[in-house]
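The values are calculated or read from the model by the stated rules, or taken from the named source; none is laboratory data. Quick caveat, the model's predicted, so the values are computed rather than measured. Ideal geometry is used to build each Cβ from the backbone, glycine not excepted, and the neighbour counts take in all protein chains shown. With ligands, DNA and RNA removed, areas are computed over all heavy atoms of the protein, side chains included. Shrake-Rupley method; radii C 1.70, N 1.55, O 1.52, S 1.80 Å.
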Amino acid sequence: QVQLVESGGGLVQAGGSLRLSCVASGNILSSNTMDWFRQAPGKQRELVASAPIGGGATYADSVKGRFTISRDNYNHTVYLQMNRLNPEDTAVYYCHHNLLVLGDSRFSEVWGQGTLVTVSS
C-alpha cells in the first residue's frame, strides 16, 4: 500500500513563507505527475500547482510568482515553497501523486491526509 506523508504546514503571518513536503512510501516504480491542491472552508478544492515528470510546472493564477513546486524523483517527494503568503492562502493543502505501483500496469491516484496552512493578517 502506498501512503503520502505531508509536513510543513502551520501558522504564519502575512508576508511570510512556508515549505510543504510530501513523501510517498511503498512499492513505487515511478511517479508521473505530482500535485498540490488546497481547499478553504466553504470552497471547492482547487489545483494549486502541478509538476509533470517531464518538467513544465503549472500554477493557479492566484499563486503564480509566489509559489514554486519541485520534485525529488529518487525519493518520490514533492515540495511546495510558498512565499509572500496572504490570508487568502489559508486552506488545507493536499498532496497528490499519480504513480505506478509494483505489480500494477496502470497508474494509481494517491492522496495525502492534508496539512493546514493558516495565514494571519
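Every condition in (1) at pLDDT 95 or above; (2) over 25 Å from Q13 (Cβ atoms) holds for Y79 except the one numbered (2). G16 meets the conditions (1) open to solvent by less than 50 Å² (accessible area, probe 1.4 Å); (2) assigned to a strand (DSSP E or B) in every case but one. The failed one is (2).
Checked against (1) open to solvent by 20 Å² or more (accessible area, probe 1.4 Å); (2) part of a strand (DSSP E or B), P41 passes all but a single condition, namely (2). Taking the criterion of being basic (K, R) and open to solvent by 40 Å² or more (accessible area, probe 1.4 Å), the residues of the stretch 62-91 that qualify are K64, R71, R84.
Yes/no per residue for (1) polar (S, T, N, Q); (2) out of contact with any Asp or Glu (no Cβ under 7 Å at 6 or more places or on another chain):
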residue	(1), (2)
L20	no, no
T58	yes, yes
R66	no, yes
I69	no, yes
R84	no, yes
G103	no, yes
W111	no, yes
T115	yes, no
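The set of residues in the stretch 44-61 being open to solvent by less than 70 Å² (accessible area, probe 1.4 Å), free of Cβ contacts under 8 Å to residues at least 40 places away in the same chain, of a type in the set (A, V, I, L, M) and not in a loop (DSSP other than H, G, I, E, B) consists of A49, A51. In summary, strands (runs of 3 or more DSSP E) completely within the stretch 73-119 and bearing 3 or more residues that are closer than 19 Å to T58 by Cβ occur at 77-82, 91-101. Regarding S70, is this residue outside any loop (DSSP other than H, G, I, E, B), of a type in the set (S, T, N, Q) and free of Cβ contacts under 8 Å to residues at least 60 places away in the same chain? Yes; evaluated as a whole, the condition is true for this residue. Residues that are surrounded by fewer than 19 Cβ atoms within 10 Å (Cβ to Cβ) and in contact (Cβ under 8 Å) with a residue 24 or more places away in the chain within the stretch 97-107 comprise N98, L100, V101, L102, G103, F107, listed in sequence order.
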